[in-house]
Structure formats: C-alpha cells, structure tokens
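Here's the structure we're looking at; comments come further down.
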Amino acid sequence: MANDLRIGEQEKEAAARASLGFVRDGNIVGLGTGSTAAFAVRFLGERLRAGLRIRGIPTSVHTEKLATSVGIPLTTLEECQDIDVTIDGADEFDPQLHLIKGGGGALLCEKIIASASRQVVIIADSSKQVAVLGKFPLPVEVVAFAEPLVAKKITALGAAVKRRRDARGNPFVTDEGHHILDCHFGQIPDPPALARVLSDMPGVVEHGLFIDLATVVLCAKGESVAELRRNTR
C-alpha cells in the first residue's frame, strides 16, 4: 500500500511537470484545486522565480493561499474573462475525456474557470483512468435549503446519496456556502444525459460531471506521461 501511494505521488508530480509545457509567457492561467493541481501550482512558482511571467486565477481559497505562498501574481474574473490555459486534476476520466471532479469540493469554480479557458489541461495519475465513469462518487453541489429534496430525486435515479461532512462531522460547506452530496451511481454509461438531468434539478448549483471541457489529459503511468485526446468514435 505504501509503495502504491508513493508511485501515485510520483505520477501526479510527473503529470504536473508535463503540464508546464502548455503555459506560455504572459498567459492567464487557471489554477485548479486538489493534490495533483497543487504540484502544478508549486512548479509554476518555480518557473516564475526563473523568469516566467503569468497571472493566475485560483479555483478555491486553498489554491489562492498556495499560489500566493509560491509567488504567483493573481487576477480575477472581474479583471479577465479570457483564460489562456487552466491546469487542473480529475477524480476520474473516460475515453471521451468526460470527467468526474469535485473531490476537493471546488467543482463550481473549477467548472466556471474551465468554461472560460481556451485550453483545459487535466493532469492525472494512472488510477484516474477508467473505461466508464462512476466508481468515484459524483459530487453534486446543492443549496442547503433544497438538499433533502435533491437527495430524494437523485436517489430515485438509482444512486446512493450521502451528505459530505468535514473532519468534525459537520456538513461540508463549499467556498460559496453550499453543501455537497456525494452520489454513488456505479457505472454512468451516458454522462452527458445524466449531466443534463442534474442541471435541470432546482436546488442543484453544479455537479461534478465535466462534459466536453477537457482539451487534453496528461496521464502519468510509471515514469512516462501519455497525452490523451478525446475519442470521438
């Protein structure tokens, strides 16, 4: 188990380093949230100290603090609505590069930033690659008032639904003040269809299905990094 964890961390680091090849001097860069994205933020800090000039837009309070600590100058969507490239992680991705994201609780801002980006570079270790999405529970961000109703409706779709809780056992609260339902669907054979159903539910703020947003996935396996593009079949 310890060896698997070490390999996973090495793969995350390799994918994050490979993502720097998509960043150009002067770029506005979306900064993702999560353990893999954190490697990329730290490596970008190293590049800045070597002379790279970028501005970052973080997807969470946690990433904002990390980016500031490594010296990345930040901007906002108020100042800049066109993002050159976003680097972020994923909890799962399939052959069409549909993603499940939101394990770190920042799915709303991550999707907003991805939607404003010319390129979305997803970095992942080999454990995140699946034939069919759904082994990882799908996060659904909800207005607290509507949570019981939304949970009932998602349960009716066939999912086992659990309210996410923090380390103290209290309901997890996102940066925007919402709750998250972790929804265990099992296999999701048609992610776009489920995404539409969830988006149409009153009380759902956002869900963790990222459809047709990833430009490329950099998936590390061992010491090599594969650049994966969408399989349109």
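The values are calculated or read from the model by the stated rules, or taken from the named source; none is laboratory data. Because the structure is predicted, anything quoted here is derived from the model rather than measured. Positions of Cβ are generated from backbone atoms using ideal geometry, with glycine treated the same way; all protein chains shown enter the neighbour counts. Areas reflect the complete protein model, heavy atoms only, side chains present, ligands, DNA and RNA absent. Shrake-Rupley method; radii C 1.70, N 1.55, O 1.52, S 1.80 Å.
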Fraction of beta bridges assigned by DSSP in the chain that are antiparallel (%, nearest 5): 55
Angle in degrees between helix 35-49 and the longest Cα principal axis of the chain, rounded to the nearest 10: 20
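What is the sum of charges, Lys and Arg at +1 and Asp and Glu at -1, for the other residues whose Cβ falls under 13 Å from the Cβ of Glu176? Walk me through the intermediate numbers first.
Numbers: positive: Lys111; negative: Glu110, Glu141, Asp175, Glu206.
In short, -3.
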Burial ranking of peptide ranges 140-151, 118-129 (average Cβ count within 10 Å, highest at the top): 118-129, 140-151
On Cα atoms only, tilt of 147-156 relative to the major axis of the chain in degrees: 80
Tail weight of P(r) past 31 Å, computed on alpha-carbon pairs of the chain, percent: 20
Accessible surface, the chain, averaged per residue in Å² (probe 1.4 Å): 48
Whole-Å semi-axes of the stretch 43-126's equivalent ellipsoid (Cα gyration tensor): 22, 15, 13
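Would you calculate a helix-derived [θ] at 222 nm for the chain, using -39,500 (n - 2.57) for each DSSP H run of n ≥ 4 and dividing by the full residue count, to the nearest 500? Please list the in-between numbers first.
Working: 6 runs with 70 residues, N = 233.
Calculated mean residue ellipticity at 222 nm is -9500 deg cm²/dmol.
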Candidate lysines for bridging to Lys162, where Cα separation is under 20 Å - those fewer than 8 sequence places away on the same chain excluded: Lys101, Lys135, Lys152, Lys153
Spatial separation of Cα centroids for the stretch 175-204 and the stretch 53-128, in angstrom: 19
Loop sites in the stretch 142-233: GluC sites (Glu not before Pro), DSSP, at most 14 other Cβ within 10 Å: Glu176, Glu223
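Roughly how many percent of the accessible protein surface of the chain is carbon and sulfur, given a 1.4 Å probe and a whole-percent answer? Don't skip to the end; give the middle numbers.
Working: 5890 of 11290 Å².
Ligands and nucleic acids excluded, carbon and sulfur give 52 percent.
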Angle between the chain longest axis and helix 2-19 axis [Cα atoms, degrees, rounded to 10]: 60
